[in-house]
Amino acid sequence: MGAGINTVPRVGLLRFTPQPIDAETIPIGSRVRLPSGQTAVVLRYQGYKRQHRVRLVCRYEKPRNKHFNIVMVLPELVEVIHGT
């Protein structure tokens, strides 16, 4: 390493930072792929008072556990498979 001459980070140190998107661009009832790789259906939008972020409330299509079949996820972390 140099003595601070080159301040550009190396390519291996760069990280993917998703940009915030509007939750209404993903319609209710659409199928999405979650970060875990599972597919889910969007049920509704959920907002919080303290955090000004809107999350998607999704239901797994094939849940691993029948008691935990709902997930809340940020809209920029999902990939839309089929929109309605």
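The values are calculated or read from the model by the stated rules, or taken from the named source; none is laboratory data. Just so it is clear, the model here is predicted, and its values are computed rather than measured. Cβ coordinates were reconstructed from backbone atoms using ideal geometry, including for glycine residues, and neighbour counts include every protein chain displayed.
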Given the structure, is Arg44 of a type in the set (D, E, K, R), at pLDDT below 90 and over 13 Å from the mean Cα position of the chain (by Cα)? no
With criteria (1) at pLDDT below 90; (2) assigned to a loop (DSSP other than H, G, I, E, B), Ile28 comes up short on (1)
Report every pair of residues separated by at least 6 positions or lying on different chains whose Cβ atoms are under 7 Å apart, first residue within region 43-65 and over 14 Å from Pro75 (Cβ atoms) and of a type in the set (Asp, Glu), second part of a strand (DSSP E or B) and modelled with pLDDT of 90 or more. Glu61/Thr39; Glu61/Ala40; Glu61/Val41
Restricting to region 53-84, and then to whatever is at pLDDT 90 or above, more than 13 Å from the chain's Cα centre (by Cα) and surrounded by 14 or more Cβ atoms within 10 Å (Cβ to Cβ), can you tell me which residue is farthest from Glu24 (Cα to Cα)? Asn69
